[in-house]
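Inspection log for the structure reproduced underneath, given as structure tokens.
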Amino acid sequence: MTDFTISRKKLYILPTRVGWYYALILFALFGIAVKFDNQSAFMMLFILVSVGLIAMVYTHNNVVDLQMDSHPSKSVFLGQSALFPITLSNQSAKPRHAVWLIAGGFHQLTQLDAGQNQTIELKLPTVQRGYLSCEPVNLSSLYPIGVFFCWTKRFVPNERCLVYPQPLDLVAFPEDGTQQGKEQQSANVLQGAEDYAGMKAYQDGDRMRDIHWPSLAKTNKLVSIQYENNSNASVNLSWFTLPASLGVEDRLSQLCYWVIEAEQNGQSYQLEMPNQTIEFDKGLVHYHECLRALALWGETPVGETPSKES
Amino acid sequence: MATLKNPLKFIKNPLAPLLNKLPPMPSQPPTHQAHRSTLLQLSLLIGIAVVLHFSIANALIASFAFAIFILKTIIVFKNYSPPPKLILMILTIASLGMVIYVYGGWNGQRAGISFLILLVALKFLESESLRDYYIVCLLLYFLAASSFLFDSSIVNILLVVAYTIATTGILLQISNPTKVPLKSTLGMSTSMVAKALPLAILLFFFFPRIQGSFGFLPSSDAGSTATSLSDSLVAGELASSAFNNELAFRVEFVDGVTPKQEQLYWRVKTMPLEERFQWRVSKPEPQNFVSKSTNSEDLKLDKGEWEYSILHEQSTDRYLPYLDYLQTKDRGIRLRDFSVYVTRRALDTFSYNGSSSANSFAEFSKPSERQALLQLSSRPNAKMQLLLNTWREGASSDAEIVNRVYEYFKSQPFEYTLTPRALDDLDPFNDFMFESQSGYCEHYASAFTIIMRSLNIPSRVVVGYQGGSRVNDGQFIEVRYSDAHAWSEVWVDGQWRRVDPTATISPERINLGMEALLELWDSGLIGSNDTGLALENLLNPTGASKWFKQISDSWKSASYQWNKWIVNYDFNSQRQLLKKLGMDHHNSVTTLVGIMSLGGITLLLFYFWQLVPKTIERDPLQRTYLKFVHKFKRHKIYKKPSETPLEFSQRLASLFPPSEDDIEQITNQYYQLRYSIESGDSQSDIKQFKSLIARFKPKKS
């Protein structure tokens, strides 16, 4: 998080191409005024010169004293856009019009009322797993009449986005820790094979068919039946069980796919990597830990992984 | 090869060292499509421009431009794509051909402006991208400015400023990808132009005026609209100008010392050559030029009784009006006959200063000159001869003869009329004297001068203006072409004397001026018993007519000031202005540029300072609370704009369980201080709140 106030010194302003055309027109007008010694043309010339200069003041003031703030970004899978939230705040009593937020190839037009804050998500493409640092952000404006282009010194947000490998389904999901290559059953069949595990109070989201209706009649309370899928209770997602023909990135992609699958199925899973093993567990913390290990494979030495979690 | 390349590279981009110091420019934002409503507005603006230029450009060209404009408007309206390149090319060639056909070439202002109109229309037609529309707008600015070559009146500049505001409004809309309501756009552009005006005025007055011209620009059309007094006086021709109400020039007298109405004889040219009742000017010869050095004792070059500055409208005349009799002048060449000749015609209105006194001083006259002023082609007939003899007989001096002739005109039933009957072709002089006996000023001036010459008194006809209408209680005098007048000058007692026979025949013409006379004639009251009453009404208007006169006077006054300070602003007026500001003889380029940049930068800095966005003032309580919010920055916790302090505190409590109580206390106190009415001693409460926040430190479990 870096506070970045666009002070006067961080601001640059140059005429645009249209601005140079404008200058050309003014020069031609000057020639006409001199040639015909026409004072009204002189007056018009000076009005236009002044309009240009005033436009410069406006362009400058449209950007000056804005504040930029960056926020941590959420991890994404390779191929998705990394989103870096940037808060633009206008602490002044003047509205700002047509301000462009530019980072890399990303452009976002925005407009701020007096005293307004706005969070804009910079969308940056991901091309590689691992950490993606946010591109330097420029603020620019052509307001009001497009003859001057004003831009700021680069604001480099101290944020990075963790890009997980792209999930790819190349090899069938391991049925359990030991058996491989077995056809995976569809989710519905899997549900049918569930074993009775007990009763619990009804919660939102429980399936209608799991409600134990006789209990309702007796106790006037909704009770649902709980099942446990013993056969798929745990799965070992191992680097070593993957076919030798798969390259490193493909292996990571496949493991990533499996991690997502296992988490969705509510299974307990273990990730086995050449340099580390993340023990059987489930839940979001475990899920992200596994994915980070995959994303940072080959980059960060084990044990030095940052503790940050989004 | 490499040694060659490097210096070339350096030359190619002289800005390179400068640009290297700037941080890299971000890629330009993507362009967008102009909004349709913006384009329709632009189209309307161009339509108005084309229509307004009907009066300037050739009708054929204006119609063509209008047709193109209609085509484009349909395209914009129906969202069609622009016409194919081939059609555009044909239209371009056709329009070029048309300009050449109509004006016979490129040179000339009208050809230039016609071409410009066509250019705007064609560019508008082919426009597709944003940049094209930008260029159309810039061309519109240029077109508006170039209309000044034809009309510099105050009305026109107001129109052009309105036009500039509208065009700036279009630029505002084009450069903003989001659509903005028209009202706020126009408000914005008006405020921009209004802010630009003081700066423009400063630049205008202090920009050093340069003499010179750029050869590549179209030359001006030779005074197509300007009027002038003719170089010859043909009986009956001057009368036709009585209805030409066009302004000839305006005069402002220095220190308000104004001559009486009957002294306002504006001398323009003398006509010494007579032929059958017609008079002509003699071609100015270099030996007739009076230079200051040779004739300084003759000329007594001190200021005359009346000092004045004249603002002359555009004219093709080579002679300049000055009040009788010229003492000093600052424009043109003085000729022996007191007229002032210019070698270069002014393209536009111009101004100059002069001074005059009522009495002419002696003028050296060679015998040959005297002889030339006695030449006659008209011969008096027998009846006239008799009269001449009676006048000559017993006269002690030339002055007495002049008086006798003048008295004769007074006694005879001569009639002053704007519509005299045509005179006999063979002998117009005698026909006028004895048969017609009615005519306009030129008849009387001619006749009187011929009589003088027949009596061996050197004389000549003078053509100029007489009178003029006083605006705003004599602040300045407007002289119109209808005030054109002719009189004669006779050489008596070693000096020139002005004799105006018209004054005896129609004293109203001289005392009241042509305007009043025309009005009297109009109402048919002249000569009747009501003349006195009518005159009274005319000179001291009451009620509505008085009010009307006041309005018309203030309008005339504004227009005069406009012309004096803007349209005719030049090197001399600039010097005058600096003199008024206490900088005598300092209108050097350095001083002017100094003033200009100093003033300009000051004004721009003022705008920067004035327009720079000011931070919203937050009360101390809010600022203190923000300090509290900022304490969580270190933990990457931010208050979302949408969150209320209470919601924020709830979120914080879950994240910082050990500090839960503190957070709750602070939030409660904040609410209490901010929203409760019964917060007693707020100052000490805020102080306590401040210390509470200063002590607070978020603790994570």
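The values are calculated or read from the model by the stated rules, or taken from the named source; none is laboratory data. All figures in this text were calculated on a predicted structure; none of them were measured in a lab. Glycine also receives a Cβ, built like all others from the backbone with ideal geometry; neighbour counts cover every protein chain displayed. Ligands, DNA and RNA are stripped out before the accessible areas are found, and what is left, the full protein with its side chains, is counted by its heavy atoms. Shrake-Rupley method; radii C 1.70, N 1.55, O 1.52, S 1.80 Å.
Below, the figures for the structure above:
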{"read-out": "Subset of the stretch B:611-643 (residues that are within 11 Å of another protein chain (Cβ to nearest Cβ), hydrophobic (A, V, I, L, M, F, W, C) and surrounded by 15 or more Cβ atoms within 10 Å (Cβ to Cβ))", "value": "B:L611, B:V612, B:F632, B:I637"}
{"read-out": "Breaking point among (1) out of contact with any Asp or Glu (no Cβ under 9 Å at 6 or more places or on another chain); (2) open to solvent by 70 Å² or more (accessible area, probe 1.4 Å), for A:S133", "value": "(1)"}
{"read-out": "Answer residue from the stretch B:375-426, given it is among the small types (G, A, S) and not in a helix (DSSP H, G or I) and is least open to solvent (accessible area, probe 1.4 Å) among those", "value": "B:S378"}
{"read-out": "Checking A:T59 against (1) facing another protein chain (nearest Cβ under 7 Å); (2) among the hydroxyl-bearing types (S, T, Y); (3) closer than 20 Å to B:L199 by Cα, the condition it does not meet", "value": "(1)"}
{"read-out": "Boolean, B:R480 is open to solvent by 10 Å² or more (accessible area, probe 1.4 Å) and under 20 Å from B:A372 (Cβ atoms)", "value": "no"}
{"read-out": "Residue list for the stretch A:284-310, filter: at pLDDT below 85 and either touching a Cys at 6+ places or on another chain (Cβ under 8 Å) or more than 18 Å from A:K74 (Cβ to Cβ) (or both)", "value": "A:W297, A:G298, A:E299, A:T300, A:P301, A:V302, A:G303, A:E304"}
{"read-out": "Residues that are facing chain B (nearest Cβ under 7 Å) and of a type in the set (F, W, Y), drawn from the stretch A:27-53", "value": "A:F36, A:F42, A:F46"}
{"read-out": "Selection count where residues are facing another protein chain (nearest Cβ under 7 Å) and of a type in the set (S, T, N, Q), scope the stretch A:70-111", "value": "3"}
{"read-out": "Criterion violated by B:K627 - all others in (1) of a type in the set (D, E, K, R); (2) modelled with pLDDT under 80; (3) part of a helix (DSSP H, G or I) satisfied", "value": "(2)"}
{"read-out": "Scan of the stretch B:127-168 for residues that are touching a residue at least 24 places away in the same chain (Cβ under 8 Å), within 9 Å of chain A (Cβ to nearest Cβ), over 20 Å from A:V34 (Cα atoms) and open to solvent by 10 Å² or more (accessible area, probe 1.4 Å), ordered by number", "value": "B:L130, B:R131, B:Y134, B:V161"}
{"read-out": "Test: residue in the stretch B:590-603 that is open to solvent by 50 Å² or more (accessible area, probe 1.4 Å), at pLDDT below 80 and of a type outside the set (A, V, I, L, M)", "value": "yes"}
{"read-out": "Selection from the stretch B:460-487 of residues that are in a helix (DSSP H, G or I) and of a type in the set (G, A, S)", "value": "B:S482"}
{"read-out": "Residue among B:V612, B:V593, B:V629 that is on the phi < 0 side of the Ramachandran plot and in contact (Cβ under 8 Å) with a residue 60 or more places away in the chain", "value": "B:V593"}
{"read-out": "Search result, residues across the stretch B:441-469 that are in contact with a Ser or Thr (Cβ under 8 Å, 6 or more places away or on another chain) and without any contact (Cβ under 8 Å) to a residue 60 or more places away in the chain", "value": "B:F448, B:M452"}
{"read-out": "Of residues in the stretch A:221-258 being of a type in the set (A, V, I, L, M) and touching a His at 6+ places or on another chain (Cβ under 9 Å), the one modelled with the lowest pLDDT", "value": "A:I225"}
